[in-house]
Amino acid sequence: MTVGDHSGTSSSPSAAKTLQVVPRLTIEPMREDDIPLVQAIEREVFLTPWPKNAYHRELAQNRQASYIVLRHDGQIVGYGGLWKVLDEAHVTTIGVRASDQHKGHGRALLTALIQRAYTLGARWVTLEVRNSNDHAIRLYEAFGFKCIGRRRGYYTDNGEDAIIMWSDSIHAPAFKRNFRRLLSGFDIPGLGAEPNDEYPR
């Protein structure tokens, strides 16, 4: 989305007053000063938010970590992160502000994280999701993730199981075709370019 002129072709002073800015989404690296807003969203949407200093440690000390925020008109509406360990990119978190859910923001964040996995040279992407979170499971399946197991009682707040999901190789032709199709549905600065055709050795 871009800045739009809804005033037509008129150049009159009154027409100029009708100029409007079309709301814009951007993906950016998470910064230290983003953490309070990220934590506020996390407390709003998750039963067990991360410890108070977790994001500070992740950004300052964890060289395997990569965290992003999604902004709407400059305001943080969502965030996500992953760890790159050997050939695997593990999605650690995705969160979207409650009032901004069901707008495709989670899909945009997952797209950005997978794009980051390509950039970091990962071969697979993995994550855990609550057994009851059908909406998220369907989202991950749309990207080509498959359920490969479960962790019993993984979530300490209510003892719920976690479903373990893995992608096929993100460099496999079928995965890339699907990912490119999903990526083409967004026009968000910071999202990144589509992956190339190379298959790493």
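Between residue 73 and residue 146, how many nm apart are label points set 7 Å from Cα along the C-beta direction?
Between residue 73 and residue 146, the simple spin-label model gives 4.4 nm.
Going by how many other Cβ atoms sit within 10 Å of their own, how do 179, 145 line up, fewest first?
With the sparsest Cβ surroundings first, the list reads 179, 145.
If you build a Gaussian network model of the chain, linking Cα atoms that sit under 10 Å apart, which residue out of 88, 44, 28 swings the most?
44
Using a 10 Å cut-off around each Cβ, can you sort 130, 150 from fewest to most neighbouring Cβ atoms?
Ascending number of Cβ neighbours within 10 Å: 150, 130.
Taking θ = phi - 60°, what integer Hz values does the Karplus form 6.51 cos²θ - 1.76 cosθ + 1.60 yield along the range 53-64, in sequence order, with x for Gly and Pro?
Coupling constants for the range 53-64: 9, 4, 5, 4, 5, 4, 6, 8, 10, 8, 6, 8 Hz.
Pulled fully out, how much extra length does the chain show between residue 54 and residue 99, if you take 0.36 nm times their separation in residues and subtract their Cα-Cα distance?
13.7 nm
Could you work out the relative contact order of the chain? I mean the mean sequence separation of Cα pairs under 8 Å and 6+ apart, divided by the number of residues, in percent.
17
For the chain, what is the percent of antiparallel DSSP beta bridges, rounded to the nearest 5?
So the antiparallel bridges amount to about 90 percent of the total.
Return the calculated 222 nm mean residue ellipticity for the chain, to the nearest 500 deg cm²/dmol, obtained by summing -39500 (n - 2.57) across DSSP H runs with n ≥ 4 and dividing by the residue count.
Helix contribution divided over all residues of the chain: -8500 deg cm²/dmol.
Along the charge dipole of the chain, which of 165, 191, 55 sits closest to the positive end, that is, farthest toward it, with unit charges on the beta carbon of Lys, Arg, Asp and Glu (+1, +1, -1, -1)?
The residue sitting farthest along the positive end of the dipole is 165.
Just so you know, all these numbers are worked out from the coordinates, no wet-lab data involved. Keep in mind it's a predicted model, so treat the numbers as computed, not measured. When we count neighbours, we look across all protein chains shown, and the Cβ atoms used for this are built from the backbone with ideal geometry, even at glycine.
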